[in-house]
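Below is one structure, written out as structure tokens; the observations come after it.
The values are calculated or read from the model by the stated rules, or taken from the named source; none is laboratory data. If you're wondering where the values come from, they're calculated on a predicted model, not measured in any experiment. Virtual Cβ from ideal backbone geometry, glycine too; neighbours counted across all protein chains shown.
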Amino acid sequence: MRVISYGGGVQSTALCILATQNKIGHVDAALFANVGDDSEYPATVTYVREVMIPWGAKRGLDVQELHRIRRDGRSETLYQRLIRPGSRSLPIPIRMQDTGAPGTRNCTADFKIKVIAKWLKAHGATKEHPATTLIGFSLDELMRLNNKRVSPYDRPEHPLIDLRLTREDCKRVIERAGLPVPPKSACYFCPFHKTATWARMRRDESELFEKSADLEALLNKRRDMLGKDHVYLTRFGKPLREAIAVEQVGLDFGEHGDEGCDEGYCWT
């Protein structure tokens with residue numbers, strides 16, 4: 001079995017297109033692990049559902065949207081886990097007050113890697129006969145490349161690197177296919193956002209910015225009750241609304257340099 005880890009971004013969209021052009025070998029499905037409509041950047045969800053799923057279906061590519069399902073059968077989103085009453089969980093790489101360094105990150109493992117692994121296992125992958133998962137690292141992201149197994153039920157391959165395609169090359173693949181270039185995929189409240197990304201969000205998507213700031217405040221209210229230091233969504237050691245001032249919207253909004261998930265399941 002060969003599947004694409006489809007994150008909804010530029011590189012993994014290019015992988016989907018190349019699959020329909022028979023340039024990366026046979027692909028059984030492209031799997032989009034949605035961490036939640038209340039968590040994913042809305043434009044990414046829209047792109048997956050309104051562009052890639054129907055486009056792929058017309059060309060024989062099965063693009064599937066997956067969700068995290070708890071043992072009791074209920075679905076769970078990342079945002080729900082963060083705001084659950086009484087929860088002490090901080091699965092996102094929240095920034096520590098003193099250092100600004102990111103904390104432990106479990107969001108990718110719980111809401112993407114394990115979700116895809118569960119699907120693979122249900123469709124016949126085993127530890128002895130794992131599936132092949134095509135990861136959307138491009139040639140200019142060699143520093144993110146590693147050969148570790150992301151789950152016992154799959155092994156990674158990196159077709160874009162094999163084809164020596166950069167992110168800019170991937171954009172051209174998308175444009176030549178007649179599709180719009182997708183936005184960079186991530187949770188809208190991801191602590192790995194660059195300052196320019198937050199500033200752009202405050203300027204252009206104030207509702208998402210305010211919801212992120214409210215989430216940060218809720219997490220710190222709980223931290224106060226536990227007698228713990230505050231945590232933040234930026235490295236500046238202060239609340240988001242203070243860290244990203246309105247006058248910062250003049251920052252360079254270049255898209256390169258954003259950090260992401262080194263497992264290859266986010267920002268691809």
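Aliphatic (A, V, I, L, M) and at pLDDT 90 or above: does that describe LEU78? Yes, satisfied.
For the range 122-131, the count of residues that are modelled with pLDDT of 85 or more, surrounded by 15 or more Cβ atoms within 10 Å (Cβ to Cβ) and of a type in the set (A, V, I, L, M, F, W, C) is at least one.
Look through the range 95-121, keep the residues that are within 19 Å of SER185 (Cα to Cα) and in contact with a Leu (Cβ under 7 Å, 6 or more places away or on another chain), and return whichever of them is modelled with the lowest pLDDT. Top of the filtered list is CYS107. Here VAL27 meets the list (1) of a type in the set (Val, Ile, Thr); (2) surrounded by fewer than 24 Cβ atoms within 10 Å (Cβ to Cβ); (3) closer than 18 Å to LYS171 by Cα almost entirely, failing just condition (3). Only one entry of ARG105, ARG144, ARG172, ARG167 meets the criterion of being under 30 Å from ARG222 (Cβ atoms) and of a type outside the set (S, T, N, Q), and that entry is ARG105.
Could you identify the single residue in ILE17, ILE24 that is touching a helix residue (DSSP H, G or I) at 6+ places or on another chain (Cβ under 8 Å), assigned to a helix (DSSP H, G or I) and under 20 Å from GLU157 (Cβ atoms)? Working first, answer last.
Details: ILE24 fails: assigned to a helix (DSSP H, G or I).
Matching residue, one of ILE17, ILE24: ILE17.
Checking each residue in the range 152-210 for being under 20 Å from the mean Cα position of the chain (by Cα), in a helix (DSSP H, G or I) and β-branched (Val, Ile, Thr) picks out ILE161, ILE174, THR195, THR197. Can you tell me which of ARG105, ARG95 is touching a Ser or Thr at 6+ places or on another chain (Cβ under 7 Å), surrounded by 18 or more Cβ atoms within 10 Å (Cβ to Cβ) and under 21 Å from SER212 (Cα atoms)? The match here is ARG95.
Answer yes or no: is there a residue in the range 65-75 that is at pLDDT 95 or above, assigned to a loop (DSSP other than H, G, I, E, B) and in contact with a Ser or Thr (Cβ under 8 Å, 6 or more places away or on another chain). Yes: one or more hits. Within the range 125-138, is even one residue in a strand (DSSP E or B), closer than 28 Å to PRO54 by Cα and hydroxyl-bearing (Ser, Thr, Tyr)? Checking the range 125-138: at least one residue is in a strand (DSSP E or B), closer than 28 Å to PRO54 by Cα and hydroxyl-bearing (Ser, Thr, Tyr). Considering the conditions (1) at pLDDT below 95; (2) aliphatic (A, V, I, L, M); (3) more than 30 Å from GLN21 (Cβ to Cβ), LEU240 is excluded by exactly one of them, (1).
Residue check: GLY8 meets all listed conditions (1) surrounded by 12 or more Cβ atoms within 10 Å (Cβ to Cβ); (2) not in a loop (DSSP other than H, G, I, E, B) but one, namely (2). When restricted to residues that are within 15 Å of PRO183 (Cα to Cα), in contact (Cβ under 8 Å) with a residue 60 or more places away in the chain and either part of a helix (DSSP H, G or I) or not aromatic (Phe, Trp, Tyr) (or both), the range 35-49 contains 5. Being in contact with an Asp or Glu (Cβ under 6 Å, 6 or more places away or on another chain), among the hydrophobic types (A, V, I, L, M, F, W, C) and touching a residue at least 24 places away in the same chain (Cβ under 8 Å) is a property that holds for ALA29.
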